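See below for the structure under consideration.
The values are calculated or read from the model by the stated rules, or taken from the named source; none is laboratory data. The model shown is predicted, which means the values in this text are computed figures rather than measured ones. Backbone-built Cβ (ideal geometry, glycine too); neighbour counts: all protein chains shown. Ligands, DNA and RNA are excluded from the accessible area calculation, which covers all protein heavy atoms including side chains. Shrake-Rupley method; radii C 1.70, N 1.55, O 1.52, S 1.80 Å.
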Amino acid sequence: MLAAISAVTVRYRRLILTVALVLAVGLAVGRHLSLTLDRILAYATILTGVLVLSLALLTLRRPRPAAFLVKPEVRAFVTEPSAVQIYLTVGLMFLASQFLGTGHLDEVFEGLFILLPFLLLVGLGVNVAGGWRDFSVELRPDGVYQRDVTGSLMVPWEALAPGRPFQPAVGAATLALAYAQPELVRRRGILPLGRRRLRIDNVHPWFLADAIRYYVDHPQHRTAIGEPAEHQRLWHSLASEPTGPGHGPAP
């Protein structure tokens, strides 16, 4: 059930974000119409936010998928967009709605605390942008690609060190990359994680590390990336190999 909800959330994430934003703004505005409406909508806002954040926590406890989305039209294997990112963004929307819907903000937030609504809106904007674009990792015939809200990272296969990356911890949110030719790496904009780490909270970390390492060490298979048959062959190849600390933990 939870997997089905997450799949729908990911598929229609932009529609969900748009509807949630309109609803959150409407709740904040509606609370200023009357005292009775203020109380009713305040409870509705809190309840909705709690439910969405609870859904995010439950989803975090699920095993991450050990598979890629196959996109032959762009010749890439892509990690699934993060449902947790969508849930957290929607929850943050209703949290912001709760604060901004409060009457007499200048009395509630005094002194330096008046910056809290502004910081909340900045954080909300970053999360909405992230949920809209997503942080999927793409394996392409020419390398590994990931974009962020403020930039993108393109790592050609030739730039990566043979036999790397190592498998990180099972619950790792980032994957460390090791470079043999770092001058080949192309970065645009500002990357919060720098040029040596990928955000991987939407895919099983061992699977992604093994897949990248496989194509680093088997260049003859790179040209087939993006094809369904190659995805099946890759999955079976990785499934037949040892996993876990035997491949070396991330330093």
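Counting only protein heavy atoms and a 1.4 Å probe, tell me what percentage of the chain's accessible area is made up of carbon and sulfur.
Roughly 66 percent of what the probe reaches on the chain is carbon or sulfur.
Under 5 Å between amide hydrogens, which residues at least 5 positions from Ile200 or on another chain qualify, with H placed 1.01 Å from N in the peptide plane?
Long-range HN contacts for Ile200: Thr174, Leu175.
Residue by residue through the stretch 156-170, what is 3J(HN,Hα) from phi via Karplus (6.51 cos²θ - 1.76 cosθ + 1.60, θ = phi - 60°)? Round to whole Hz and write x for glycine and proline.
3J(HN,Hα) across the stretch 156-170, in whole Hz: x, 4, 5, 6, 7, 6, x, x, 10, x, 6, 6, x, 4, 4.
I need the phi-derived Karplus couplings for the stretch 223-230: 6.51 cos²θ - 1.76 cosθ + 1.60, θ = phi - 60°, integer Hz, Gly and Pro marked x.
Values per residue, Gly and Pro as x: 5, 8, 4, x, 9, x, 5, 5 Hz.
Of Phe135, Phe207, Phe118, which has the largest mean-square fluctuation in a 10 Å C-alpha GNM of the chain?
Its mean-square fluctuation being the largest, the pick is Phe118.
Output the relative contact order of the chain, whole-number percent, from Cα pairs under 8 angstrom with separation of 6+ residues. Intermediate values should be presented prior to the final figure.
Details: 392 pairs, mean separation 51.7, N = 251.
After rounding, I find 21 percent.
Enumerate the calculated ³J(HN,Hα) couplings along the stretch 231-238 in order (Karplus 6.51 cos²θ - 1.76 cosθ + 1.60, θ = phi - 60°), each rounded to whole Hz, writing x wherever the residue is Gly or Pro.
With coefficients 6.51, -1.76 and 1.60, one gets 4, 5, 5, 4, 4, 5, 5, 5 Hz.
Determine the per residue accessible area of the chain with all protein chains present and a 1.4 angstrom probe, expressed in square angstrom.
53
Nearest 5 is fine: what % of DSSP beta bridges in the chain come out antiparallel, could you say?
So the antiparallel bridges in the chain amount to around 95 percent.
On C-alpha positions alone, give me the angle between the axis of helix 2-11 and the longest principal axis of the chain, in degrees, nearest 10.
Relative to the chain, helix 2-11 is tipped by roughly 90 degrees.
Going 7 Å from the Cα of Leu60 toward and past its Cβ, which residues in the stretch 8-49 have a backbone nitrogen under 17 Å from where you end up?
Answer for the stretch 8-49: 49.
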